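**Student:** For reference, the structure I am asking about is given below.
No lab work stands behind these numbers, since they all come straight from the coordinates. Owing to the predicted nature of the structure, the values given are computational and were not obtained by experimental measurement. Quick reminder, even Gly has a Cβ in these numbers, built from the backbone with ideal geometry, and neighbours come from all protein chains shown.
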Amino acid sequence: MGIAASELCRFVIRPTLIYLGRHCATAESLLLGIAASQSALGSALHDRRGHGLYRIAEHRHQALWDHYLALDPDRASLVRGLASQHAFLSGPHLELTVNLRYATAIAWLLVEEQHPTLPDPDDLLGMARIWRQTFQPQGRLRDFTCAWQTCVSPLNQVAC
C-alpha cells in the first residue's frame, strides 16, 4: 500500500512546487499521476528501473544535474537545499528514495526540462502524454490513466 494521494499532494507535492515557484493545479495532478504510474504512490520504492515514488533512474538523475541544473546555479542551489546535508554527498541517488520533497523536485524538473505545454488538470490523456515522453517512452497512455483511476481518482473526492 502506498501513500494516500491527498496527503502526498498536500504535504509533499504542493509544498515542493510552491518552494520551486512552479505551483499550479496541473503540476500537482501530473506529479500525482506520475507517482501513481511509476510506483503505485509508493507501494514499491526501489527496483531496477529507478528510485523512489517516481522511479527515477540514476543516469537520468545525474544527467539532469549535469545538463540542466548546472546551467542554472540558482535553481540548482534551490534543489540542493531540499537534499539531506550529508547523505546527498555520499549517496545522491538514495535521496530519490528516502526524501520525498527532493524526489518530487527532481521529477518536476525532468518534466520541465522537456518544455511541455501543460494540459488542463483534468486532461488525463494530456498528462499521460507528458508522462510517456518524460518517464516511459515505451509506455501506453492507458497505463497512466489506469494508474490514475486506481490510485488517485478514488481519493480525488478529497481536495488536496
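**Student:** Given the options 145, 134, 117, state which has the largest fluctuation in a GNM of the chain using a 10 Å cut-off (strictly under) for Cα springs.
**Tutor:** In this elastic network of the chain, the residue with the biggest mean-square fluctuation among 145, 134, 117 is 117.
**Student:** Next question, about the same structure. In sequence order, what are the phi-derived ³J(HN,Hα) couplings for the stretch 132-142 according to the Karplus relation 6.51 cos²θ - 1.76 cosθ + 1.60 with θ = phi - 60°, rounded to whole Hz, with x for glycine and proline?
**Tutor:** 5, 4, 8, 10, 9, x, 8, x, 9, 4, 5
**Student:** Can you run phi through the Karplus equation (6.51, -1.76, 1.60; θ = phi - 60°) for the stretch 116-121 and list ³J(HN,Hα) in whole Hz, with x for Gly and Pro?
**Tutor:** x, 7, 6, x, 5, x
**Student:** What number comes out for the charge environment of residue 122, summing +1 per Lys or Arg and -1 per Asp or Glu over other residues with Cβ under 15 Å away?
**Tutor:** Spelling it out: positives minus negatives among the neighbours equals -2.
**Student:** So, one more: Quick one: putting +1 on the C-beta of Lys and Arg, -1 on the C-beta of Asp and Glu, what dipole do you get for the chain around its Cα centre, in Debye to the nearest 20? Can you show the working numbers first?
**Tutor:** Details: 14 positive and 14 negative charges, 54 e Å.
Roughly 260 debye for the chain.
**Student:** Wrap a convex hull around the Cα atoms of the chain, take a quarter of its surface area, and give that in square nanometres.
**Tutor:** Reported value for the Cα convex hull: 8.6 nm².
**Student:** Separate question: Any idea which of 92, 23, 65 is furthest toward the positive side of the dipole for the stretch 5-155, if Lys and Arg beta-carbons carry +1 and Asp and Glu beta-carbons -1?
**Tutor:** Selected residue: 92.
**Student:** I would also like to ask the following. Calculated FRET efficiency, residue 62 and residue 19, Cβ-Cβ r, R0 25 Å, to nearest 0.05?
**Tutor:** The pair residue 62/residue 19 has a calculated efficiency of 0.65.
**Student:** Out of residues 5 or more away from residue 57 or on other chains, whose amide H comes under 5 Å of its own, with H placed 1.01 Å from N in the peptide plane?
**Tutor:** For residue 57, the qualifying residues are 51.
**Student:** Within 9 Å, Cβ to Cβ, of residue 55, how many net charges do the neighbouring residues add up to if Lys/Arg are +1 and Asp/Glu are -1?
**Tutor:** 0
**Student:** Next question. Apply the Karplus parameterisation 6.51 cos²θ - 1.76 cosθ + 1.60, with θ equal to phi minus 60°, to every residue of the stretch 8-22 and state each ³J(HN,Hα) to the nearest whole Hz, in sequence, with x for glycine and proline.
**Tutor:** So the J values, rounded to whole Hz, are 4, 5, 5, 9, 10, 5, 4, x, 5, 5, 4, 4, 7, x, 10.
**Student:** Could you compute the net charge surrounding residue 111? Neighbours are other residues with a C-beta less than 13 Å from the C-beta of residue 111; K and R count +1, D and E count -1. Before the final figure, lay out the partial values.
**Tutor:** Details: positive: 22, 60, 129, 132; negative: 28, 112, 113.
For residues surrounding residue 111, the net value is +1.
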